[in-house]
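> Just dropping this structure here.
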Amino acid sequence: MAALEAFTQLLAGGDERIELARACLLIAEDVYPGLDVEGYVNEVARLALRLRARLSRTAGAEEKVVELNQFLFDELGYTGNAEEYYDPRNSYLNEVIDRRTGIPITLSVLYMELGRKIGLPLEGVSFPGHFLVRVRMRGGMLVLDPFAGGEPQSEDELRARLERVIPRDVTGGVPVRNLPLEQFLEPATNRQILARLLRNLKGIYRQAEMPERMLDVLNRALVVSPDSTSDLRDRGIVYEQLQAYRAALRDLTDYVAREPDAADSDEMRAKLIELSSRCARLN
């Protein structure tokens, strides 16, 4: 619970005050008790110092991107883990730093942290299906893919990504290739980045049928997004799986109160009756 309290405190201020790398490392404490969070934060700072030493004082954004890519991917050997994409270690920043491999969002977090420390105003992009990074330059906006070694993404490549992940029947008859690209390239807030990371972990642990791990993730997710009724419902269901019936009753009662017309409201109301009966037998 101490780790969750530290996470809650870190997110208590405005979004711009959230230390993204530290928040990701606090999430990892659920799986790695006693994790040296400060040590990893300092390691990122040391890497940034090494990177800064390579740059001239007059280096522009383009030069900084080139040096960042060469340092992180060519010299240090960081790479996207395509072969074991759903390994949960790819979602924990300490493992990404140690193993030098990860998924788009965790590699992007490290990429952004290093870039920002050398004066490169990188922003995360919660692109459908694949997290990316963007940076504004004098000539426009450059979109980069840290999962692919920081490779710049052309407009055609971005539109092709959209076509792979957006079903045609949800665009109101507009071809996916003709959708305004700008709406998918808006910068993600720190909270949105953390929420997406936690959604990835929730999906991994649901697939693996690991409710204890799911509970840790959902507790974090509800700190990041307190108004997320889907996370509230999912936590109630996980509590039921773990036979924590009173906690399940509390969360699912709250869910039904918030979402009385949800598609699953009848199912949840039936579950509430069953949970109420179970709780009564516990007394």
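Each value in this text was obtained by applying a stated rule to the coordinates, not by laboratory testing. In this text the structure is predicted, and so the values were computed from the model without any measurement. Cβ sites come from the backbone with ideal geometry, for glycine too, and all protein chains shown count toward neighbours.
> For the chain, set up a Gaussian network in which alpha carbons nearer than 10 Å are linked by springs, and say which option among G80, G13, G139 fluctuates the most.
Fluctuation is largest for G139.
> If you don't mind, there's one more thing I want to ask. Could you sort 199-211, 111-123 so that the peptide with the highest average Cβ count within 10 Å comes first and the rest follow in order?
Details: 199-211: 16.2, 111-123: 19.5.
Result, highest mean Cβ count within 10 Å first: 111-123, 199-211.
> Where does helix 37-53 land angle-wise versus the long Cα axis of the chain, in degrees 0 to 90, nearest 10?
For helix 37-53, the angle is close to 20 degrees.
> Report the convex hull volume per residue for the stretch 227-282, counting only C-alpha atoms, in Å³.
Looking at the stretch 227-282, the number lands at 64 Å³ per residue.
> With springs only between Cα atoms under 10 Å apart, run a GNM on the chain and tell me which of R233, R177, R213 wobbles the most.
Largest GNM mean-square fluctuation: R177.
> For a quick check of your reading of the filter: which trypsin sites (Lys or Arg not before Pro) in the stretch 41-78 sit in a DSSP loop and have no more than 11 other Cβ atoms within 10 Å?
R57
> What do you get for the angle between helix 229-241 and the principal long axis of the chain? Use alpha-carbon atoms, 0 to 90 degrees, nearest ten.
It is inclined by approximately 60 degrees.
> Give me the three principal axis extents of the chain from the C-alpha atoms, as integers in angstrom, largest value leading.
Projected onto the principal axes, the Cα atoms of the chain cover 71, 52, 37 Å.
> Continuing with the same structure: Which three extents, in angstrom, do the Cα atoms of the stretch 176-283 have along their principal axes, listed largest first?
57, 29, 23
> First check a/c for the stretch 18-106, with a ≥ b ≥ c the square roots of the eigenvalues of its C-alpha gyration tensor; if it is under 1.5, answer rounded, and if not, answer prolate when a/b is larger than b/c or oblate otherwise.
Working: a/c = 2.51, a/b = 1.53, b/c = 1.65.
Verdict is oblate for the stretch 18-106.
> Top mean-square fluctuation among V109, V44, V176, Gaussian network model of the chain, C-alpha springs under 10 Å?
Greatest mean-square fluctuation among the candidates belongs to V176.
> On to the next question. How would you classify the stretch 158-236 from its alpha-carbon gyration tensor, with a ≥ b ≥ c the square roots of the eigenvalues: rounded for a/c under 1.5, else prolate if a/b is greater than b/c, otherwise oblate? Can you show the working numbers first?
Details: a/c = 2.59, a/b = 1.98, b/c = 1.30.
Judged from the Cα gyration tensor, the stretch 158-236 comes out prolate (a/c at least 1.5, a/b above b/c).
> Any idea what angle helix 211-224 forms with the longest principal axis of the chain, computed on alpha-carbon atoms, 0 to 90 degrees, nearest 10?
Computed tilt is about 70 degrees.
> I would also like to ask the following. Based on Cβ point charges of +1 for Lys and Arg and -1 for Asp and Glu, what charge dipole magnitude is obtained for the stretch 227-282 about its Cα centre, in debye rounded to the nearest 20? Don't skip to the end; give the middle numbers.
Details: 9 positive and 12 negative charges, 86 e Å.
Charge dipole, the stretch 227-282, about its Cα centre: 420 debye, nearest 20.
> Would you mind working out the magnitude of the charge dipole of the stretch 2-190 relative to its Cα centre, with +1 at each Lys and Arg C-beta and -1 at each Asp and Glu C-beta, to the nearest 20 Debye?
600 debye
> Let me ask something additional. Rounded, prolate or oblate: which one fits the stretch 89-170, using the alpha carbon gyration tensor with axes a ≥ b ≥ c (rounded when a/c is under 1.5, else prolate when a/b beats b/c, else oblate)?
Values: a/c = 2.50, a/b = 1.23, b/c = 2.03.
In terms of gyration-tensor shape, oblate.
> Nearest 0.05, what FRET efficiency do L179 and E151 give at R0 = 22 Å with Cβ-Cβ as r? Numbers along the way, then the final one.
Working: r = 23 Å, r/R0 = 1.03.
Given R0 = 22 Å and the Cβ-Cβ separation, E is 0.45.
> Would you give the gap between the C-alpha center of the stretch 89-167 and the C-alpha center of the stretch 15-65, rounded to a whole Å?
15 Å
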